[in-house]
1. I need the peptides 22-28, 62-68 ranked by packing, meaning the mean over residues of other C-beta atoms within 10 angstrom, with the highest value on top.
2. Give the residue from V59, N19, A34 lying farthest towards the positive end of the charge dipole for the chain; charges sit on Cβ (+1 for Lys and Arg, -1 for Asp and Glu) and the dipole is referred to the Cα centre.
3. Jot down the per residue volume, in cubic angstrom and as a whole number, of the convex hull over the alpha-carbon atoms of the chain.
4. Determine the per residue accessible area of the chain with all protein chains present and a 1.4 angstrom probe, expressed in square angstrom.
5. Could you please state how large a percent of the accessible area of the range 1-64 is carbon and sulfur, counting protein chains only and using a 1.4 Å probe?
6. With charges only on Cβ, +1 for K and R and -1 for D and E, what is the dipole size of the chain about its Cα centre, in debye, rounded to 20?
7. Can you count the Lys pairs in the chain with C-alpha separation below 16 Å, eight or more apart or on different chains?
8. Under 8 Å for C-alpha pairs, at least 6 residues apart: give me the relative contact order for the chain, rounded to a whole percent.
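The values are calculated or read from the model by the stated rules, or taken from the named source; none is laboratory data. As the structure is a computational prediction, the values presented were derived from the model and not from experiment. Heads up, the Cβs are rebuilt from the backbone with ideal geometry, glycines too, and the neighbour counts pull from every protein chain shown. Ligands, DNA and RNA are excluded from the accessible area calculation, which covers all protein heavy atoms including side chains. Shrake-Rupley method; radii C 1.70, N 1.55, O 1.52, S 1.80 Å.
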Amino acid sequence: MEKDNSKELLIDVTTSLINDYNGDVSKVTIREIATKSNVSVGLINYLFGNKDNLIAICVQKIILNEKN
């Protein structure tokens, strides 16, 4: 899987989980993201640095989508 495709998949899955938990990002775990995306936790950390960075990108995406 290409790096850009992996990033987009992880962002989509994480955004979906945030929505599933009604915006409560504390309920979203890195293991759940990895499992649903069929990738390793290590890949998430490699691509985003950590879960918080991934969550921040997803929250920004949600906010931008709500404005449009």
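1. Highest mean packing first, the order is 22-28, 62-68.
2. A34
3. Spelled out: Cα convex hull of the chain, divided by residues, is 76 Å³.
4. Computed with neighbouring chains in place, this is 66 Å² per residue.
5. Looking at the range 1-64 in its full context, I get 49 percent from C and S.
6. Details: 8 positive and 9 negative charges, 23 e Å.
Using Cβ point charges on Lys, Arg, Asp and Glu, the chain gives about 100 debye.
7. 7
8. 35 percent.
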